[in-house]
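So the structure is just underneath, and the comments pick up after that.
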Amino acid sequence: MSEDRTTDHRAGRDDAGDAERDMPNAHGEAPRGAGDDPSADWVEDSLFDDRLVDDMLGEDDEPIWYDTIGIFGGRSSAASRYQITRAKKTARLAEILRIASHYDIFRGLTPLTFRKLLEELGPTFVKAGQILSMRSEILPESFCHELTRLRSNVEPMDRELVLETLRAEYREPIEDIFDAIDDVPLGSASVAQVHKARLATGELVAVKVQRPHVQEIMAQDISIMRSLARRASRFIGDAQFLDLQSVVDELWQSFREETDFLVEAHSLEEFRRNNADCAYVTCPKPYIKLCTEHVVVMDYVEGISIGDTRKLSSLGYDLGDIGRKLVDNYASQMLDEGFFHADPHPGNLLVSGGKIVYMDLGIMGRLSSHDRAALTEMVEAVALRDAARLKSGLLRFSVSDVSDVDHPGLLADLDGIIADFGEADLCDLDLSAFMNALISMARKNGIELPGTVTMLARSLVTLEGVVDELLPGTSIVEIVREHIKAHSDLADSAKAEARRLSRASLAATRGLLDAAAQSSTAMNMLTRGQLRMNLDLVGYEDPVGDLARSADRLTMGIVIAGLFIGSSVVYYARIKPVIFGVPVIGFVGYVVAFLMGVWLVRSIMSEGKRRR
């Protein structure tokens with residue numbers, strides 16, 4: 001083991017202890033943590049009463065997010081699995097409203113008070129704040145920046161509670177599994193905390209233990225958020241509110257992945273398999289037989305945070321080499337394997353034994369082969385400042401129907417983005433602003449991107465901040481593009497082009513068959529007299545109405561001309577009585593024709609001004 005002062009891979013703090021230091025026995029006595037949790041001193045006379053709480057929740061929600069369909073047992077919903085009841089939701093919502101009233105939310109929140117409010121509301125809202133910190137299209141930039149400071153370390157569980165949780169997870173006594181468990185946690189977060197331990201077989205491990213009942217609390221909070229978002233959407237038609245609903249959905253998916261520790265254990269296995277041939281990247285080895293839904297047991301790793309550039313340099317590491325290898329491997333995760341670490345911040349990246357070690361694989365992103373091809377096309381388009389190619393890649397990413405997309409308008413918007421960001425060199429590209437502009441533009445044009453894309457965008461922005469400390473003035477987009485070139489030989493390019501042509505040919509064939517079928521249907525309708533035509537002329541909002549108005553004016557002009565001609569015939573016939581030497585009938589005809597002519601001219605002139 002290294003004797004260097006190391007950075008813990010969970011808490012992101014220095015740990016001066018030696019790897020082999022004595023730890024209390026797994027069943028021995030140990031001092032408690034930092035003390036009892038301080039209780040909040042709430043004012044009982046709240047601004048909110050039970051009637052308001054009931055009104056905000058509305059009627060009983062339908063069971064949310066069905067998980068399974070059983071042949072004999074019927075359906076099992078999250079409401080039953082996490083014991084979500086209306087009474088518990090009402091009590092929790094009342095507590096949330098009391099905390100909110102304490103921060104006087106109706107008079108406005110500053111970025112600082114908003115962050116403190118989320119921290120006080122608990123782990124669910126902390127996670128929601130972390131998601132919102134990457135959604136600058138929803139919150140102002142000042143709020144997003146403040147939310148990046150949401151704390152991850154919280155008051156630790158005491159030793160007895162940790163041991164009690166471990167005993168509940170295993171059928172055999174934990175003394176037969178663990179020889180010793182450190183009483184001081186390596187890190188304590190809102191969902192779990194990590195302890196250094198030694199197995200009965202002698203291996204040093206890190207044991208990640210989930211806090212009791214955190215699943216029920218978070219599921220209940222998300223259910224409340226979902227109720228409020230759905231109820232408020234009936235009264236608020238703002239598109240931004242729909243974005244908040246997507247945040248709730250993203251929060252639910254994140255919750256399911258982060259609180260099922262078996263997902264993380266299998267992610268550790270998969271990540272190690274994918275990088276088995278990479279000499280400079282790895283992650284801790286999980287002990288699958290000891291992992292459960294609430295406990296992960298993995299190798300204990302000592303190392304230096306990749307953000308501690310001064311220490312890395314003092315130990316002789318080449319920071320530029322680390323940065324290039326980090327980005328190249330991340331490009332391989334995205335484009336080659338389609339399985340990438342979704343939160344590559346310095347606390348989750350260690351340098352140990354000459355390798356980059358990825359930690360905390362609770363949330364991982366996946367990209368299908370179709371998405372990877374689209375992403376490759378977009379990266380090359382950004383590097384080449386090619387708006388048309390960027391449009392093609394963006395449309396391939398869409399999970400919604402793009403048949404109604406205004407392609408000229410979309411291309412014009414992309415030209416604007418390229419103009420805003422294309423003048424600078426890639427090394428000066430503000431990736432965060434560029435990704436936010438691209439996602440906002442896609443939403444504006446009705447292009448619905450999958451949640452994996454926003455996750456990837458956040459990951460790239462986070463990675464950019466890490467690389468900037470290692471390789472100042474270097475663009476990760478350029479490194480990713482170099483990776484694409486290096487891993488695309490002539491044979492692969494030919495195969496990719498053949499696949500692209502086959503897909504295009506298949507699409508063209510389907511289009512021809514569809515056109516033939518539609519033509520047959522149209523002919524049948526025509527012979528039956530059932531065919532109707534919808535006319536849409538570019539530049540005309542209502543072409544049929546314009547045609548009708550033109551016909552009316554033409555008719556009016558004929559009537560006016562007829563009146564003038566008829567009145568002239570009467571004049572020459574000298575029909576009496578007369579007025580001003582003109583027969584009365586002819587005089588009336590002249591006056592009416594004159595007034596109608598004036599009205600027609602004014603109508604035509606006003607219509608011309610309106611169109612201009």
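The values are calculated or read from the model by the stated rules, or taken from the named source; none is laboratory data. None of the values given here were measured: they were computed from a predicted structure. Here the Cβ positions follow ideal geometry from the backbone for every residue, glycine too, while neighbour counts run over all protein chains shown. SASA here: full protein model, heavy atoms, side chains in, ligands and nucleic acids out. Shrake-Rupley method; radii C 1.70, N 1.55, O 1.52, S 1.80 Å.
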message = Being modelled with pLDDT of 90 or more and closer than 30 Å to PRO111 by Cβ narrows it down to one residue among GLN210, GLN193, GLN220, GLN240; which is it?
response = GLN193
ask   = Looking at segment 340-356, which of its residues are in contact with a Gly (Cβ under 6 Å, 6 or more places away or on another chain) and closer than 18 Å to LEU463 by Cα?
value = PHE340, ALA342, PRO346, GLY347, LEU350, VAL351
inquiry  = Checking GLY362 against (1) outside any loop (DSSP other than H, G, I, E, B); (2) touching a residue at least 40 places away in the same chain (Cβ under 8 Å), only one condition comes out false. Which one?
reply    = (1)
remark   = Subset of segment 452-489, residues buried (at least 17 other Cβ atoms within 10 Å of the Cβ) and polar (S, T, N, Q), comes to THR452, THR454, SER459, THR462, THR474, SER475
key: Checking GLY347 against (1) crowded, with 19+ Cβ neighbours inside 10 Å; (2) free of Cβ contacts under 8 Å to residues at least 12 places away in the same chain; (3) not aliphatic (A, V, I, L, M), the condition it does not meet   = (2)
ask   = Quick one: which of PHE340, PHE271 is assigned by the TED database to the domain that holds HIS483, aromatic (Phe, Trp, Tyr) and buried (at least 21 other Cβ atoms within 10 Å of the Cβ)?
value = PHE340
inquiry  = Just checking, does segment 309-320 include any residue being of a type outside the set (D, E, K, R), within 18 Å of PHE271 (Cα to Cα) and in contact (Cβ under 8 Å) with a residue 40 or more places away in the chain?
reply    = no
message = Restricting to segment 365-395, and then to whatever is in a loop (DSSP other than H, G, I, E, B) and farther than 13 Å from ASP415 by Cβ, can you tell me which residue is most open to solvent (accessible area, probe 1.4 Å)?
response = SER368
Hits in segment 285-323 - residues which are under 27 Å from the mean Cα position of the chain (by Cα) and open to solvent by 20 Å² or more (accessible area, probe 1.4 Å) = GLU293, HIS294, GLY307
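Please specify each residue of segment 96-135 satisfying the condition of being assigned to a helix (DSSP H, G or I) and free of Cβ contacts under 8 Å to residues at least 12 places away in the same chain.
Going through segment 96-135, the residues assigned to a helix (DSSP H, G or I) turn out to be 96-102, 105-107, 111-121, 123-132.
Across segment 96-135, the qualifying residues are PHE106, ARG107, THR113.
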remark   = Expected output for segment 327-340 (first residue on the phi > 0 side of the Ramachandran plot, partner outside any helix (DSSP H, G or I) and among the hydroxyl-bearing types (Ser, Thr, Tyr), Cβ below 8 Å, 6+ apart or cross-chain) is GLY338/SER368
query = How about segment 324-337: which of its residues are open to solvent by less than 10 Å² (accessible area, probe 1.4 Å) and not β-branched (Val, Ile, Thr)?
reply = LEU326, ASN329, TYR330, ALA331, GLN333, MET334
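Of all residues in segment 566-612, how many are among the charged types (D, E, K, R) and open to solvent by less than 60 Å² (accessible area, probe 1.4 Å)?
1
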